[in-house]
Amino acid sequence: EPEVTQTPSHQVTQMGQEVILRCVPISNHLYFYWYRQILGQKVEFLVSFYNNEISEKSEIFDDQFSVERPDGSNFTLKIRSTKLEDSAMYFCASSDPLLAGGLYEQYFGPGTRLTVT
Amino acid sequence: DAKTTQPNSMESNEEEPVHLPCNHSTISGTDYIHWYRQLPSQGPEYVIHGLTSNVNNRMASLAIAEDRKSSTLILHRATLRDAAVYYCILGSGAGSYQLTFGKGTKLSVIP
């Protein structure tokens with residue numbers, strides 16, 4: 001069964017450093033998302049992406065964040081200058097409007113745990 | 001945005017049915033009801049969705065009240081693998097497809 005993959009599984013970085021989190025969405029999906037979950041808290045939406053453009057973003061997704069689809073398979077989230085409060089699990093997801101649940105039927109990866117020290 | 005209310009936690013014995021309730025009294029006519037679950041240390045997983053009629057799939061059933069102000073996710077025979085946090089999420093598809101997760105219901109399955 002096709003699945004979303006994410007690398008690395010765990011990233012440790014120092015405050016102020018740039019990090020890039022990588023995702024490979026399901027191959028025929030065209031809509032991509034990033035969510036994050038701070039330890040013990042809710043899953044929060046960050047951004048959605050379609051046709052090489054951001055479709056929607058939350059208040060969390062400020063100028064420190066950017067997303068890119070550098071090639072036909074990868075989808076990346078970059079945090080330019082990490083802060084302690086960026087420590088969280090980051091989940092990538094993808095979807096296809098032809099699925100029964102439409103774009104609300106999103107398939108999530110296993111996540112990247114980002115630890116900022 | 002329409003809001004959902006779920007119990008914080010529930011327990012079930014293994015092999016028994018589980019009924020997970022969700023209240024959404026301010027649901028609009030175009031809102032679909034979606035259920036996701038999150039197993040420990042994993043990403044959320046789509047379970048099922050519905051609009052007005054009851055729905056079944058290989059994972060679960062979704063029973064929707066006639067007035068649509070509540071719904072129930074039914075796991076017919078709970079297994080240890082079903083221990084997870086279950087989220088009830090509304091979505092109208094009106095140009096926004098972000099999933100808004102609440103705290104969900106933490107389901108414990110007792111062997």
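Read the figures in this text as sums done on the coordinates, not as results from a lab. Predicted model, so just to flag it, every value in this text is computed and none were measured. In this analysis, Cβ positions are derived from the backbone assuming ideal geometry, glycine residues included, and neighbour counts consider all displayed protein chains.
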Show which lysines lie in cross-link reach of B:K69 when reach means a straight Cα distance below 22 angstrom and same-chain residues fewer than eight apart are skipped.
-> B:K3, B:K103, B:K106
A:T7-B:S53 pseudo-label distance in nm [points 7 Å out on the Cα-to-Cβ vector] = 4.5 nm
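Give the residue list of trypsin sites (Lys or Arg not before Pro) in the range A:43-117 that are DSSP loop and have at most 15 other beta-carbon atoms within 10 angstrom. It would help to have the intermediate numbers written out before the result.
Working: sites: A:K57, A:K78, A:R80, A:K83, A:R113; in loops: A:R80, A:K83.
Answer in residue order: A:R80, A:K83.
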Calculate the dipole size of chain B relative to its Cα centre from +1 charges on Lys and Arg beta carbons and -1 charges on Asp and Glu beta carbons; express the result in debye to the nearest 20.
-> 180 debye
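In debye, nearest 20: dipole of chain A around its Cα centre with unit charges on the Cβ of K, R (+) and D, E (-)? Walk me through the numbers on the way to the answer.
Values: 9 positive and 15 negative charges, 64 e Å.
Once rounded to the nearest 20, the dipole reads 300 debye.
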Out of B:A83, B:Q98, B:I33, whose Cα points farthest toward the positive end of the dipole of chain B (charges: +1 Lys, Arg; -1 Asp, Glu; placed on Cβ)?
-> B:Q98
Extension length gain for B:S108 and B:Q42 (0.36 nm per residue less Cα distance), in nm, is 22.2 nm
How would you classify the range A:1-79 from its alpha-carbon gyration tensor, with a ≥ b ≥ c the square roots of the eigenvalues: rounded for a/c under 1.5, else prolate if a/b is greater than b/c, otherwise oblate?
-> rounded
Under 11 Å from the Cβ of B:S25, count the other residues' Cβ atoms, weight Lys and Arg +1, Asp and Glu -1, and hand me the total.
-> +2
Once Lys and Arg get +1 and Asp and Glu get -1 on their Cβ, which of A:T13, A:N51, A:L103 lies farthest toward the positive end of the dipole of chain A?
-> A:T13
Run down the lysines and flag those whose C-alpha is under 21 Å from the C-alpha of A:K83, throwing out any fewer than 8 positions away in its chain.
-> A:K42, A:K57
Debye, to nearest 20: dipole size of the protein assembly as shown, +1 on Lys, Arg Cβ, -1 on Asp, Glu Cβ = 280 debye
Normalised per residue, the volume of the convex hull around the Cα set of chain B (Å³) = 93 Å³
In the neighbourhood of A:F49 defined by beta carbon distances under 10 Å, the net charge of the other residues (Lys, Arg +1; Asp, Glu -1) is -1
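Around A:I79, what is the net charge, scoring Lys/Arg as +1 and Asp/Glu as -1 over all other residues with Cβ under 9 Å from its Cβ?
Values: positive: A:K78, A:R80, A:K83; negative: A:E18, A:D86.
Computed value for this residue: +1.
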